[in-house]
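Asker: Below is one structure. I have some questions about it.
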Amino acid sequence: MNGGVSMGQDIIRAKVLADQWGITPRRVNQLCADGSLEGAYKAGRFWMIPSDVKKPDFLREKASYTVRTQQHGDSPLPCPVGITSYKEVVSECYYVDKTLLLRQMIDDHSKVFLFTRPRRFGKTLMMDMVRTFFERSTEDTSVYFTDKKIWFCGEKYRKLQGKYPVIFLSFKDAHQTSWEAMYKSLCFTLREEFVRHRELLESDALNEYDRRFFQNITEDKAEITDYQYALGKLSAMLTTCYQSKTIIIIDEYDTPIQQGHLHHYYDEVIGFMRNLLSSALKDNENLEFGILTGILRIAKESLFSGLNNLVVNTILDDKYAEYFGFTGQEAAQMAAYYGVPEKLEQIREWYDGYVFGETEVYNPWSVINYFNNNCKPKAFWSRTSGNEIIGELIRGAGKELYQNLSLLLQGEEIQAIIDTDIIYPEVNSDPDIICSFLLVAGYLRVTSVISEWNDNPICSLAIPNREIKSVFMKEILDSYNQLFSGSILRNFEVALRTGDTALFTDTLQTYLMQSASTFDTASENFYPGTVFGMLAILSDRYYISSNRESGEGRFDVQLEPRDRTQMGYIIEFKAGKELSEQALSDTAGKAVSQIREKQYSTEMEYRGITKIGFFGIAFCGKKVACAYEERKEG
């Protein structure tokens, strides 16, 4: 006999049993290793299973949705567009199983976790999954996990299902434009969570003080201090009532802080959130563990002061990398499920390219919307809220950022010192901080780590995919459309595409005239910076560079056509003071002469581009003059 199997008893292998029970062979092997299949033993690399083995109860008790998730055919499950309820997704929609996050968190045994990821990367759904797994409930919530990966990890994990009181807050919809409105929103969110636990009022475990505090919150009679310390009080009440420590989950904790920065009530919201988080997570003896999610780790504001056991996981960390976003395998499985495996390359081009730690992931929001949109690609991510910061950066940017944007839009890489410990007021302070924000917010990806500087990595960065490129293009256009009519940008694009140099000259002059009239005190750097920014929208047809050596000097701006048969351009700027119209025109002509005499076209000529136009642009205050000539061959 082997492993308790009787002599003569029929033995089957995992694949046979998997076919009988409608599960995968891998799951059968997991059941064997876990001891859930009585009499199973291992012979070499294979499990030997009694043919009459009893099916475990937790497999028999699957809810009806389990059968539905196995149906393909003519009625595939719908995509969970905008659905953040774990129960609803696993019951009615296609679900990418991320439940092994639970195993890793349990094994880590940390007190407070902070996961920073870009928006729309599944944080809210993930946190609702965590809540559903751990939270005590009158409903048998195990049915939402019995066919998921966590359930096959062993009794150690299954026994924690449904064992804890849970506090769950999500600030993902906190987009108020004033502190008064934001304060009301924060209080409402806290009040709703108290109402969700209104069974506490029926408990004899609550003393009169706690009961009055609870009622003041739910009846909107509480003071600001009560709301700031509400989570600490609620966790104490739940622990007292259920004789079990409390799990606290705060999703998108930094959304109110971002809004405070954008709408000028940053100090007020930081003060409120600091006290709220401190009462919940700092030295809280009633805390089993806490989880926060957001875009930034806002540590410099002492938001997490005293949390010595805070485990921070950013997009630069390997751990937990595969749980936010879809991996390549998950995207391929989804494409196969919906019967379009041939679309995988298009999905990759549009929505892949993010790197968390060393794991490459797809944007889950966009992939889900892609399948829901009959596999027609669009920039779904840009159609959601949250791009306000990008618009702010572009509108306030200088020439260096425009140069970086141009390189990025051309598929090139840029380098920056990355600091993930940044705060919103620092976002537009210098190019490295800007790049750090763009990285953690999902607009850039790390292609390589070059070295380190004061414990911060120096990274090469690139735009992840076609969708993000379109986001940058849209934000640039929107920023300039606020200042200039759409016809100017349209004419500018048409002029370069068609080689209409007269239209190019007229449009550029009109553009600069309107720029100068918009800003009464424009600096000398304004003209080159704004022109370079406008040129960035043409990066799909031109390699755009500035201040590079060519010939016997450095040109200001060069537009090298990707198609070498097309016209290339070199632009030189000149500034003057108190110039007459004739002097200004002469100065523009001198700029053209400088391009010709210093042979700035040498670099393009070397690469086989023979048709090159020279633009000289002179400005004096609000007056602009433009001169043009074409390179003469020979």
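Asker: Which count do you get for residues in region 329-385 that are of a type in the set (D, E, K, R), assigned to a strand (DSSP E or B) and either closer than 16 Å to Tyr95 by Cα or touching a His at 6+ places or on another chain (Cβ under 6 Å) (or both)? Steps first, please.
Answerer: Step one: list which residues in region 329-385 are of a type in the set (D, E, K, R), which gives 330, 342-343, 345, 348-349, 352, 358, 360, 376, 378, 383.
Now drop any that are not assigned to a strand (DSSP E or B), which leaves 360.
Among the residues that remain, those that are also either closer than 16 Å to Tyr95 by Cα or touching a His at 6+ places or on another chain (Cβ under 6 Å) (or both) are: none.
The qualifying residues number 0.
Asker: If you don't mind, another one. Which of the residues that make up region 331-354 are in contact (Cβ under 8 Å) with a residue 40 or more places away in the chain and surrounded by 20 or more Cβ atoms within 10 Å (Cβ to Cβ)?
Answerer: Met334, Trp350, Tyr351, Asp352, Gly353, Tyr354
Asker: Kindly indicate the residue of region 176-198 that is more than 24 Å from Ile270 (Cα to Cα) and touching a helix residue (DSSP H, G or I) at 6+ places or on another chain (Cβ under 8 Å) and also surrounded by the most Cβ atoms within 10 Å (Cβ to Cβ) among those meeting that condition.
Answerer: Among them, the one singled out is His197.
Asker: Restricting attention to region 405-433, report how many residues are touching a helix residue (DSSP H, G or I) at 6+ places or on another chain (Cβ under 7 Å), in a loop (DSSP other than H, G, I, E, B) and either free of Cβ contacts under 8 Å to residues at least 40 places away in the same chain or not hydroxyl-bearing (Ser, Thr, Tyr) (or both).
Answerer: Looking only at that region, the number is 5.
Asker: Can I ask one more? For region 527-553, which positions are modelled with pLDDT of 75 or more and either out of contact with any strand residue (DSSP E or B) (no Cβ under 9 Å at 6 or more places or on another chain) or outside any strand (DSSP E or B) (or both)?
Answerer: Matches in region 527-553: Arg541, Glu552, Gly553.
Each row is one residue, and each column tells you yes or no for (1) assigned to a loop (DSSP other than H, G, I, E, B); (2) among the charged types (D, E, K, R); (3) within 22 Å of the chain's Cα centre (by Cα); (4) modelled with pLDDT under 85.
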site	(1), (2), (3), (4)
Cys435	no, no, yes, no
Lys474	no, yes, yes, yes
Asp478	no, yes, yes, yes
Phe492	no, no, no, yes
Met513	no, no, no, yes
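Asker: Right, something else. Scan region 452-471 for residues that are assigned to a strand (DSSP E or B) and closer than 28 Å to Pro364 by Cβ and jot them down.
Answerer: Hits for region 452-471 are Pro457, Cys459, Ser460, Leu461, Ala462.
Asker: Follow-up question, since we're still on this one. Scan region 449-471 for residues that are surrounded by 13 or more Cβ atoms within 10 Å (Cβ to Cβ) and among the hydroxyl-bearing types (Ser, Thr, Tyr) and jot them down.
Answerer: Of everything in region 449-471, those that are surrounded by 13 or more Cβ atoms within 10 Å (Cβ to Cβ) and among the hydroxyl-bearing types (Ser, Thr, Tyr) turn out to be Ser460, Ser470.
Asker: Does Leu584 satisfy being modelled with pLDDT of 80 or more and crowded, with 17+ Cβ neighbours inside 10 Å?
Answerer: Considered against the rule, which asks whether it is modelled with pLDDT of 80 or more and crowded, with 17+ Cβ neighbours inside 10 Å, Leu584 comes out as yes.
Asker: All but one of (1) surrounded by fewer than 19 Cβ atoms within 10 Å (Cβ to Cβ); (2) at pLDDT 90 or above; (3) charged (D, E, K, R) hold for Asp283; state the number of the condition that does not hold.
Answerer: Only one criterion in (1) surrounded by fewer than 19 Cβ atoms within 10 Å (Cβ to Cβ); (2) at pLDDT 90 or above; (3) charged (D, E, K, R) is unmet by Asp283, namely (2).
Asker: Moving to a separate point now. Take Tyr229 and decide whether it is over 19 Å from Leu276 (Cβ atoms) and either in contact (Cβ under 8 Å) with a residue 40 or more places away in the chain or hydroxyl-bearing (Ser, Thr, Tyr) (or both).
Answerer: no
Asker: Write out, first by first residue and then by second, each pair whose Cβ atoms fall under 8 Å of each other, whose residues are 6+ apart or on separate chains, and whose first residue, in region 6-27, is of a type in the set (Asp, Glu) while the second is at pLDDT 80 or above and loosely packed, with under 13 Cβ neighbours inside 10 Å.
Answerer: Asp10/Ser51; Asp10/Asp52
Asker: List every residue pair whose Cβ atoms lie under 8 Å apart, where the two residues are 6 or more positions apart in sequence or sit on different chains, the first residue falls within region 540-568 and is among the hydrophobic types (A, V, I, L, M, F, W, C), and the second residue, located anywhere, is assigned to a loop (DSSP other than H, G, I, E, B) and modelled with pLDDT of 85 or more.
Answerer: Sorted first by the residue in region 540-568, then by its partner, the pairs are Phe555/Tyr600; Met567/Lys611.
Asker: Taking the criterion of being at pLDDT 95 or above and surrounded by fewer than 21 Cβ atoms within 10 Å (Cβ to Cβ), would at least one residue in region 245-256 satisfy it?
Answerer: yes
Asker: Is it true that Leu234 is free of Cβ contacts under 8 Å to residues at least 60 places away in the same chain and under 13 Å from Ile167 (Cβ atoms)?
Answerer: No; evaluated as a whole, the condition is false for this residue.
Asker: Determine whether region 160-178 contains at least one residue that is out of contact with any Leu (no Cβ under 7 Å at 6 or more places or on another chain), of a type in the set (Phe, Trp, Tyr) and closer than 30 Å to Ser36 by Cα.
Answerer: Scanning region 160-178 turns up at least one residue that is out of contact with any Leu (no Cβ under 7 Å at 6 or more places or on another chain), of a type in the set (Phe, Trp, Tyr) and closer than 30 Å to Ser36 by Cα.
The values are calculated or read from the model by the stated rules, or taken from the named source; none is laboratory data. Here the structure is a predicted model, which means the values were calculated and not measured. Because the Cβ atoms are built from the backbone with ideal geometry, glycine has one as well, and the counts that use them run over all protein chains shown.
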